[in-house]
Amino acid sequence: MTEGHAESSDEMLMVRYKRGDRDAFAELVRRYQRPLFNFSLRYVRNREAAQEIAQDAFLRVVKRSADFKHESRFSTWIFAITRNLCIDELRKAKHRVHSSLDETSTNGQSLGEKIDGGKPALDGEQGASNNELRGGILKAVDSLPEDQREVFLLRQMGGVPFAEIARITGTPENTVKSRMRYALERLQKELREYEEYARALR
Amino acid sequence: MDCEKFDTVTMDLLYGELDELSEAAALRHLHHCTRCRDIWGHLRTTRELSEIPLEEPPSGLFENIMAQEAHAKKTLPFRERASRVISIMAEYAMRPQLAMAALLLLMIGSSLVFVRTDPQNGGQVLVTELGTPHGENTLRPDSRQEAMVFEGNPAGVPRGGMPAEPNDGAKGAGTSDEDRNPRAKTTGGQAYSEAMAAYQEGRYAEAERLFSEVASSGDERAASAALHEGHAARNGSGCQRAAALYDSVAARYTGGTVSDEASWHAASCYRAMGQLKRAAAHYNHLKERAAYATRALKALEEIEAQLSVAAKEPAASAGSADAEAPATSSNVGASPKTDSEKAAGESAGQPAPGTVPNSPAAEAGSD
């Protein structure tokens, strides 16, 4: 990775890649592999599928790089691609849609446990509360209705503006905002027991 | 902002998508509305609380993606590759530097066109300013433009009445316009150079004939050639013949610099021949021209002095050889002629075979 690439915007990196600069593409992968994998994971709730979706999303970027217009944001573009791949995956494997948060992965760990993997363990009571909070958040998000979860993930995790979400999902912007508000109100109920704890952490 | 309006912008405020003015209005509303402040507080806390902790992607995801990219680039269909190339070219085409370069080339190209279409007499301005022919170097000998103005119009003025050069009469007078034009068209520049060479070497008869051919060919240097034809005639045959040619050139190119120059030389010739009224007519015309005004006025004063002296002479009588006015646009009105002028003309003018040729226009204005 060159210093220039690290400072460049996503759109500039995409322009450079279209001119044949592979390092620019590598920088884009570094920036987006984590959020895309997590977005897919929360959307389809399956690790293997999420990994494949993340790979396929970048593959589509490669194949459709000529279609990328400089006027639009790269993040919006790649999250729209990923969202469509997630929908396809859910259609193909409907039986996974209702998988629970406690679905075990290949190595037998729960998702909640995975989240803390590799991070320094918090000591004592606080560490236990953090784990409990993270598990509660993931459970609450996974329990959201699909239309609300989609908007929530795009806005909260992808950082996609409401107007762009409306364009991606083909839904009026006001409807998108309403879904977001319903999702937050629902999460608020689910996470009420952690609210005081969260305030204390601030 | 009221509570209903605040509800519509709550999500935008929460995610920082409001413009500054609306955000300030919403915050002002929050400041004094307990209900909205309470709702806002809960939503903000929930938003902060529900920040999903990101999981590290599986190891090998980056390598897999890059490997897929390398493979995909090799197997891209032709259409995708073509669109990629077009996209790259379009990006270059839209660059402002390229547009500026194109504009610069356009400007240079158009200026070249204007330079190439320089007015026909542009190279002859120097002749006028110096007052005398400065030689062929000032006449752009390298120019090869076809002048269409005189195409098919051999002379524009009657030339058949002019006396032929005694030594060269058979060739000069016997050459028809049909014979002259093809040569002039094909070798106009060469003919002019040959004529100029003959002139400079003192072969005035040949030079006069060659200049005459160029003058009647429609070549772009026809005007200059006609003037030089007059010079050659003056040097070879004398002023009487040259004056007629100068008159003809002055009439043919009326309004141009060549016309003025021819008029000046015609005046000089008439003055040398003693035909002072005719000379005065030319000088009167030239005094209106900035390049000749001073010299013309001085010449007029001298002529006036000469005329006054002649009028006092007892031998003065009616009748004059100064019967014609020059065929220019600013003729002097005909005045009584004197024998003294005629006598002076015969003594000053060089002998020529034949009478002084008069243009039809000049004859119509004579007594």
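The table for this structure:
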item: Residues that are over 27 Å from residue B:52 (Cα atoms) and touching a residue at least 12 places away in the same chain (Cβ under 8 Å), drawn from segment A:14-58; result: A:14, A:15, A:17, A:18, A:23, A:24
item: Segments classed as helices (runs of 4 or more DSSP H), wholly inside segment A:91-191, with at least 3 members that are modelled with pLDDT of 85 or more; result: A:124-142, A:146-152, A:162-169, A:173-190
item: Residues that are outside any helix (DSSP H, G or I) and touching a Ser or Thr at 6+ places or on another chain (Cβ under 9 Å), drawn from segment B:220-255; result: B:220, B:221, B:253, B:254, B:255
item: Filter result (touching a helix residue (DSSP H, G or I) at 6+ places or on another chain (Cβ under 8 Å) and surrounded by fewer than 24 Cβ atoms within 10 Å (Cβ to Cβ)) within segment B:235-251; result: B:235, B:236, B:237, B:251
item: Failed item in (1) assigned to a helix (DSSP H, G or I); (2) of a type in the set (A, V, I, L, M); (3) modelled with pLDDT under 70, with residue B:76 passing the rest; result: (1)
item: Residue A:23 being farther than 20 Å from residue A:160 by Cα, assigned to a helix (DSSP H, G or I) and away from every other protein chain (no Cβ under 12 Å); result: no
item: Search result, residues across segment A:163-190 that are surrounded by 21 or more Cβ atoms within 10 Å (Cβ to Cβ) and either free of Cβ contacts under 8 Å to residues at least 12 places away in the same chain or within 10 Å of chain B (Cβ to nearest Cβ) (or both); result: A:176, A:177, A:179, A:180, A:183, A:184, A:187
item: In segment B:27-59, the residues that are surrounded by 15 or more Cβ atoms within 10 Å (Cβ to Cβ) and either more than 10 Å from every other protein chain (Cβ to nearest Cβ) or charged (D, E, K, R) (or both); result: B:29, B:30, B:33, B:36, B:40, B:47, B:55, B:56
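The values are calculated or read from the model by the stated rules, or taken from the named source; none is laboratory data. A quick note: this is a predicted structure, and the numbers were derived from the prediction, not measured. For neighbour counting, all protein chains shown are included, and Cβ atoms are generated from backbone atoms with ideal geometry for every residue, glycine included.
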